[in-house]
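Remarks on the structure that follows.
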Amino acid sequence: MTEALLRGLVIRSQSGFYTVSTQTGIITCKLRGRLKRQRRSGDILAVGDRVLVSGSGVNEGMIEEIEPRLKMFSRLSPQPQGEYQQILIANPDQVVLVFSCAEPSPHLNMLDRFLVIAEKAEIPPLIVVNKVDLLTFEVVQDLFSPYKTLDYPLIYTSSRTRRGIDELRDRLENKISMFTGPSGVGKSSLLNAIQPGLGLAAREVSTITSKGKHTTVVRELFSLLGGGWVADTPGLKALALWDIEAEELDAYFPELRLLVDQCQFNDCTHHHEPGCAIIKAVEVGEIHPARYASYLRIRFNED
Ligand code: GDP
Ligand code: ZN
């Protein structure tokens, strides 16, 4: 085969057709048969994957190679023939966790769960606190104080007053970002504020997704005018914490991770044990009690 292969990014996946963005434009592709014959216990290809494409003609591309996937968000979905690993997005550079400071009021235990999922997947989170127009700024900062001393980037936005919109847009530039968060917090409004029409487009896709069967799920990355891509994936909750062992959970809370070596017992659960460095750190205010409470709730399955 002498034809040169084009490198591209999979930006849409629907029923066996993949839209690939390449230097010379957008090509609709199918997957070469020999790639399909590989293991079938999960998605072979997902949005965010980098591929090599032949047949650069009009709309008749063929995906010849899939580059190694570095990271992903995936979930196990039970199917008649066994568990199936569904890939929500491949190679995201960051996950944007959108919460509102009011209407609805923030469910910080859910934010902590999302942060654990991001830590496990090794995908940097960006926390966005939206609707800051609804409360005084002191109250907003107070609500999110458990995150003040952590190293996670956090920005305050209002799609209504446009506060923080430029900063958010800057943080998305030239990256692949996955937006998620509870419904009603303003994800679509924020996307629209960043770029007119973006929220609406993303909403349409996610509506199809929620109604569709697993086999007809549509996923899409939307291009940003300044470079970069965003995907809207409501319900990261569905990812749950399926592949996280209880014993490794403390590693996904950075402020706990730092101290676990100092616990007296190396199988310490940080719940009641004597000589626990975590309990001590909570007592002296080095670890925020709300974060510790989230750890305990996840660890002991209290939801
Ligand atoms: P999504 O479900 O997360 O996509 O949320 P939407 O973008 O649909 O917004 C839900 C509701 O919150 C809508 O009524 C919006 O008008 C409202 N909303 C979105 N952003 C803001 C904001 O910054 N301030 C206020 N006060 N309301 C907002
Ligand atoms: Zn301990």
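The values are calculated or read from the model by the stated rules, or taken from the named source; none is laboratory data. Note that the structure is predicted; figures quoted are calculated from it, not measured. No Cβ is skipped: glycine too gets one built from the backbone with ideal geometry, and neighbour counts run over all protein chains shown.
Counting only strands (runs of 3 or more DSSP E) wholly contained in the range 32-106, the ones carrying 2 or more residues that are modelled with pLDDT of 95 or more and buried (at least 20 other Cβ atoms within 10 Å of the Cβ) occupy 50-54, 94-100.
Here LEU134, LEU143, LEU150 are screened, and the one residue that is outside the structural domain of GLU286 (by TED's automatic domain parsing), touching a His at 6+ places or on another chain (Cβ under 9 Å) and surrounded by 14 or more Cβ atoms within 10 Å (Cβ to Cβ) is LEU150. Does the range 148-171 contain any residue that is out of contact with any helix residue (DSSP H, G or I) (no Cβ under 8 Å at 6 or more places or on another chain) and closer than 21 Å to ALA293 by Cβ? No, because not a single residue in the range 148-171 is out of contact with any helix residue (DSSP H, G or I) (no Cβ under 8 Å at 6 or more places or on another chain) and closer than 21 Å to ALA293 by Cβ.
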